[in-house]
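Trainee: Pasting a structure here, questions to come.
The values are calculated or read from the model by the stated rules, or taken from the named source; none is laboratory data. Owing to the predicted nature of the structure, the values given are computational and were not obtained by experimental measurement. All Cβ positions, even for glycine, are placed from backbone atoms using ideal geometry, and neighbour counts span all protein chains on display.
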Amino acid sequence: MTTAPRRKHVPQRRAEPAAGRSATAPRRRPDLRPQFFLDIPDSHLVATDTLLQIKDTVVDTVESRAMSVIYGDAGLGKSFSTRATIQEMNPDLILPLDFARSRPGPKDLREELFHQMNLSCKMPGTPTAFDKLLRETLPRRPYVIVCDEAQQYRRENFEFLRKLWDTCDPKPAIVFVGGREAYDTLQSDPALASRIYIRLEILAMSPEEVLTTVPDSHPVWRDVDEALLKRIDTQYADGSFREWVRITKHVLKGLQHFGAEKVDDAIVDWALARC
């Protein structure tokens, strides 16, 4: 009787990534939802003039595949309203350039665009090769590059994005969102300034806007006397939506602390002392 030869065990090799493909898993895309400051329960998104102006600016910029800037002081709702607007768009087309570190450089922007587009090729090793890849990739889809906290950008970052925008056909839309420093940097360079499509300055709420907006932002303000709202805005908030959110948080704590059901001067005094 013939015995069948015993098969030699050959260990299975781990599958290698296809040539030219990255072995690392794609990075998780950032959460683009608007974030409520202090995350107060029962807060509502209010269709303020700021939100509507920013929505018109972003939509117009995207449709025109242009570059625009939304700027103003901190706490006025620029980032929140921009996020609320892009939430209604295809998330796969939004390329947010958000950085944990301050003062990012062009290298950071290149690498972030590479990751946000989930490119499967190997990351280029030189700026020239990297820019060539981006010029070839960005026109394939109607991408929207969103540069939040743009006041942290170095001048060369704006110059890099301007050159990238110039050399792409068709072009991506680019929205800069930040403080006045971002606007000043863009305006100081004729090559940059001449390419800005819309310049939208965000201002603090007027006293009239405060009276119509704040009561809709949280139930705690709905039955509060207008004189008390005016007092809070004059003494503390000064039309800043972020400051109104802060005082709202403290007022809610004050109601719990005193076992009260209605906001009055005593509650407001206690809350203001904590701001």
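Trainee: Here is a list: 158, 176, 241, 258. Which entry is closer than 27 Å to residue 82 by Cβ, aromatic (Phe, Trp, Tyr) and not assigned by TED's automatic domain parsing to the domain that holds residue 92?
Mentor: After applying the criteria, what remains is 241.
Trainee: Quick check on my filter: what residues within segment 112-136 are among the acidic types (Asp, Glu) and surrounded by 14 or more Cβ atoms within 10 Å (Cβ to Cβ)?
Mentor: Hits for segment 112-136 are 112, 131.
Trainee: Tally time: how many residues in segment 170-200 are exposed (fewer than 14 other Cβ atoms within 10 Å of the Cβ) and under 17 Å from residue 113 (Cβ atoms)?
Mentor: 1
Trainee: Further question on the same structure: Taking residue 103, is it within 25 Å of residue 170 (Cβ to Cβ) and either in contact with a His (Cβ under 8 Å, 6 or more places away or on another chain) or surrounded by fewer than 19 Cβ atoms within 10 Å (Cβ to Cβ) (or both)?
Mentor: No.
Trainee: Next question. Restrict the check to segment 165-177 and report whether at least one residue is at positive phi and not aromatic (Phe, Trp, Tyr).
Mentor: Scanning segment 165-177 turns up no residue that is at positive phi and not aromatic (Phe, Trp, Tyr).
Trainee: Restricting attention to helices (runs of 4 or more DSSP H) lying wholly within segment 163-275, give those where 2 or more residues are of a type in the set (Val, Ile, Thr).
Mentor: The helices (runs of 4 or more DSSP H) meeting that bar are 207-217, 241-258, 265-274.
Trainee: Across segment 51-72, which residue is surrounded by the most Cβ atoms within 10 Å (Cβ to Cβ) among those that are more than 15 Å from the chain's Cα centre (by Cα) and of a type outside the set (A, V, I, L, M)?
Mentor: That would be 61.
Trainee: If you don't mind, there's one more thing I want to ask. Could you pull out the residue among 244, 221 that is crowded, with 19+ Cβ neighbours inside 10 Å, within 25 Å of residue 56 (Cα to Cα), under 30 Å from the mean Cα position of the chain (by Cα) and in contact (Cβ under 8 Å) with a residue 24 or more places away in the chain?
Mentor: 244
Trainee: Of everything in segment 71-87, what is charged (D, E, K, R) and closer than 10 Å to residue 33 by Cα? Give them in sequence order.
Mentor: 83
Trainee: When you scan segment 239-252, do you find a residue that is in contact with an Asp or Glu (Cβ under 7 Å, 6 or more places away or on another chain) and modelled with pLDDT of 95 or more, even just one?
Mentor: Checked segment 239-252: at least one residue is in contact with an Asp or Glu (Cβ under 7 Å, 6 or more places away or on another chain) and modelled with pLDDT of 95 or more.
Trainee: Let me ask you something else. Read through the list (1) over 26 Å from residue 78 (Cα atoms); (2) touching a Lys or Arg at 6+ places or on another chain (Cβ under 6 Å), then give the number of the only condition that residue 139 fails.
Mentor: Checking residue 139 against (1) over 26 Å from residue 78 (Cα atoms); (2) touching a Lys or Arg at 6+ places or on another chain (Cβ under 6 Å), the one that fails is (2).
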